[in-house]
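Everything below concerns the one structure shown next.
The values are calculated or read from the model by the stated rules, or taken from the named source; none is laboratory data. Here the structure is a predicted model, which is why all the values come from computation and not from measurement. No Cβ is skipped: glycine too gets one built from the backbone with ideal geometry, and neighbour counts run over all protein chains shown.
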Amino acid sequence: MNLYIVESPLQLLCAYEAIHVNRNAPYQLLIRQTGRGLNDKHLINCANKLGLNYKIFVLHTESIYVGLLRNLFLLSSLYFKYYEKVYFGSFYSSALNFISYFIRRRELIYLDDGAATLRAQLEMSMKEKKVCNWFTFFNIEPLRGQNVIKHNFEKIKEKNKKYINKGKYFIGQPVSAMKGFSLEDYMRCVREIASRCESNEFLYYIPHRVENLDLINNIPNIKVVKPTVPIEIYFLENKGSIPKEIYSCYSTALITLPVLFLGIKATAVKNKYMIKNEIDFMYAYFLRNNISVVEL
């Protein structure tokens with residue numbers, strides 16, 4: 001049996017792919033709820049849409065003893081099993097690192113967690129982190145002793161229908177947690193992209209699950225779209241159309257959407273006032289993988 005533990009919708013989509021790559025071997029899927037914005041709602045909606053069997057648990061590492069007592073039965077059940085493969089959703093999750101002490105397994109593999117995947121790989125290449133194995137849609141060059149399993153959302157692509165490419169979309173991000181962007185920088189970039197729309201068109205803005213929209217709603221030429229599922233599933237279910245152009249600062253959707261759908265032009269928006277910082281590796285990755293980068 002294989003075990004999957006995820007904390008975000010993107011991690012869940014990758015777990016779904018891994019389940020099918022493993023030829024539907026018996027699996028146990030655990031969803032950790034974090035209480036952050038719409039994250040938990042999107043997770044459960046996505047799991048239901050994909051027809052996955054799962055169990056939910058809550059574990060907050062700031063009150064680890066309370067979490068230990070609350071999840072005593074779950075942790076005990078994990079300990080008394082032996083798993084062939086264990087897939088964790090996040091390399092940096094302190095909750096998952098805590099749970100790992102209770103799990104006996106042959107192999108531990110990490111799923112994608114957006115930019116954190118590339119950051120972790122960079123730190124491993126610099127010998128700042130211990131090398132791990134990946135199940136990833138990123139184009140990652142394996143390090144010595146590292147196993148990298150590449151996928152392109154083949155199973156999810158089976159849900160594709162015929163689409164028409166139309167409309168411009170901006171994929172939002174949680175500004176308070178972003179690297180290299182102040183609130184003013186972020187709003188300037190969104191306004192600039194919106195101002196490039198023709199007089200008869202809008203920039204459709206898809207907010208991040210934990211994003212505050214108070215300022216976004218005041219920008220001319222913007223229409224806010226609020227999916228209840230991950231953006232990838234939202235467009236799979238959309239009635240006949242997908243974006244013609246997508247913009248974002250460094251959202252992973254700039255990578256996943258063109259992989260899933262043909263004809264999407266992806267553009268990453270870089271802060272022109274940003275001095276060299278820890279997110280530069282994302283823009284370097286975009287350029288290496290045919291994603292445009294503009295400085296605003």
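Just a few scattered comments:
- Test: Asn289 is farther than 19 Å from Leu10 by Cβ and among the polar types (S, T, N, Q): no
- Close pairs from the range 242-262: first assigned by TED's automatic domain parsing to the domain that holds Phe138 and more than 19 Å from Asn160 (Cβ to Cβ), partner among the basic types (Lys, Arg) and buried (at least 22 other Cβ atoms within 10 Å of the Cβ), Cβ under 9 Å, at least 6 apart: none
- Any hit, the range 203-222, residues being touching a helix residue (DSSP H, G or I) at 6+ places or on another chain (Cβ under 8 Å), surrounded by 12 or more Cβ atoms within 10 Å (Cβ to Cβ) and assigned to a helix (DSSP H, G or I): yes
- Scanning the range 268-296 for residues that are buried (at least 19 other Cβ atoms within 10 Å of the Cβ), assigned to a loop (DSSP other than H, G, I, E, B) and not aliphatic (A, V, I, L, M) yields one hit, Asn271.
- Members of the range 51-102 found to be in a helix (DSSP H, G or I) and among the polar types (S, T, N, Q), listed by number: Thr61, Ser63, Ser76, Ser77, Ser94, Asn97, Ser100
- Gln11 satisfies every condition listed in (1) surrounded by fewer than 21 Cβ atoms within 10 Å (Cβ to Cβ); (2) in contact with a strand residue (DSSP E or B) (Cβ under 7 Å, 6 or more places away or on another chain); (3) farther than 20 Å from Arg104 by Cα except (1).
- When the residues of the range 148-172 are filtered to those that are at pLDDT 95 or above and assigned to a loop (DSSP other than H, G, I, E, B), the one that is farthest from Asn221 (Cα to Cα) is His151.
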